[in-house]
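The values are calculated or read from the model by the stated rules, or taken from the named source; none is laboratory data. Just so you know, these numbers come straight off a predicted model, no measurement behind them. Reconstructed Cβ throughout: ideal geometry from the backbone, glycine too, with neighbour counts over all protein chains shown.
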Amino acid sequence: MAEIKCIGIVTSGNDAPGMNSAIRAVTRSAIYNGLKVKAVYRGYKGLIDGEIVEFETQSVSNIIQQGGTILKSSPSKDFMNADGRKKAYENIVKEGIDALIVIGGDGTIHGARVFAQEFDYPCIAIPATIDNNLCGTDTTIGYDTALNTIMQTVDKIRDTATSHERLFFVEVMGDGAGFLALNGGIAAGAEEAIVPTIEIEEDQLHHFIQKGFRKTKGSSIVLVAATNEQTGGALHYAELVKNQYPELDVRVSILGHLQRGGHPSAHDRIIASRMGAASIQALLKGLRN
Ligand code: F6P
């Protein structure tokens, strides 16, 4: 197995709070262990286009607390085909990068696995997505911050929902997974959470309105997880209820991309730092992929 002297870091796919904390940890751990660090800008697209810059310790100063990714991110259709990946591999060889640390979600990690197999090349993936929809880790980087953002936002919505005695459907992200809706719902004390993994029937909605909402409460919050196909589920449920119960004052709030921003929570900074350091230790121990 070739000795690793230089690593590349790339963030790809959708950003998540805590990615910068991970970039910092990877860079600092690598340099501490005598490795060179090359940062790839704009995800896999940058790998293909050769947007690669050497990083020093100071390159990652003052970023642990910043949301987003300083390396930028961009979807890359080209990395999905063999020609694109070959170009990326040629750039990696040209730059003398012996292993890649890839920070991202589902699609990014899938891309890294294909690349690693195709070129028998060492890649270590660090799971970062607000959706928490990856196996092999209890929580992904970004999830805790997004959960806190949802909780704080729903707290605010509850103030106005209570004053006006309204029923709110609040839609949160999740990419087909219900972690944000379910746990955001628990944290904010929502009355219900509608998640893609549990099919909801109209009867259940009626049951909730009759028993859970109408009998005991003047206002209510229902969290709805966006499916991976589209947003708008909250609008759909609101329409259903409005048609059946015109006397109810129903509102919809789609939280959208604000869930992806903001300073990472302590939890996200800590797991990002630990995973970043662990990725370098793993490589140095000879672990691959
Ligand atoms: O992966 C995070 C995520 O927030 C998903 O939950 C959501 O479906 C998607 O990103 C939206 O991404 P875009 O930035 O392309 O709108």
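Taken over the range 1-27, residues that are at negative phi and under 23 Å from the mean Cα position of the chain (by Cα) amount to 18.
Let's see how each residue does on (1) within 20 Å of Pro17 (Cβ to Cβ); (2) in contact with a strand residue (DSSP E or B) (Cβ under 8 Å, 6 or more places away or on another chain):
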position	(1), (2)
Leu35	no, yes
Gly46	no, yes
Glu54	no, yes
Asn62	yes, no
Ser74	yes, no
Lys77	no, no
Tyr89	no, no
Asp98	no, yes
Gly104	yes, yes
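Among the residues making up the range 238-261, a single one is among the basic types (Lys, Arg) and within 16 Å of the ligand (Cβ to nearest atom): Arg260. The number of residues in the range 151-202 being of a type in the set (Asp, Glu), part of a loop (DSSP other than H, G, I, E, B) and surrounded by 13 or more Cβ atoms within 10 Å (Cβ to Cβ) comes to 2.
A single entry from Ala128, Ala112 fulfils the requirement of being farther than 26 Å from Thr197 by Cα and at pLDDT 95 or above: Ala112. Counting the residues of the range 165-216 that are without any contact (Cβ under 8 Å) to a residue 40 or more places away in the chain, on the phi > 0 side of the Ramachandran plot and within 16 Å of the ligand (Cβ to nearest atom) gives 0.
In the set (1) assigned to a helix (DSSP H, G or I); (2) loosely packed, with under 13 Cβ neighbours inside 10 Å, Pro246 fails one condition alone, (1). Confirm whether Arg260 is closer than 24 Å to Ala116 by Cα, touching a Pro at 6+ places or on another chain (Cβ under 9 Å) and among the basic types (Lys, Arg). For Arg260, the condition - closer than 24 Å to Ala116 by Cα, touching a Pro at 6+ places or on another chain (Cβ under 9 Å) and among the basic types (Lys, Arg) - is not met.
If you go through the range 95-151 and keep only what is among the charged types (D, E, K, R) and touching a residue at least 12 places away in the same chain (Cβ under 8 Å), you end up with Glu95, Asp98, Asp106, Arg113, Glu118, Asp131, Asp144. For the range 226-235, the set of residues classified as at pLDDT 75 or above and either surrounded by fewer than 24 Cβ atoms within 10 Å (Cβ to Cβ) or not aliphatic (A, V, I, L, M) (or both) consists of Thr227, Gly232, Gly233, Leu235, listed by residue number. Sort out which residues of the range 68-111 are buried (at least 17 other Cβ atoms within 10 Å of the Cβ) and polar (S, T, N, Q), and write them in order of number. Those that are buried (at least 17 other Cβ atoms within 10 Å of the Cβ) and polar (S, T, N, Q): Thr69, Ser73, Ser76, Asn91, Thr108.
If I filter the range 210-225 down to residues being outside any loop (DSSP other than H, G, I, E, B) and surrounded by fewer than 19 Cβ atoms within 10 Å (Cβ to Cβ), which single residue comes out as modelled with the lowest pLDDT? Selected residue: Arg214.
For the residues Ile97, Ile109, Ile9, Ile63, the requirement of being away from the ligand (no atom under 16 Å from the Cβ) and closer than 18 Å to Ala278 by Cα singles out Ile9.
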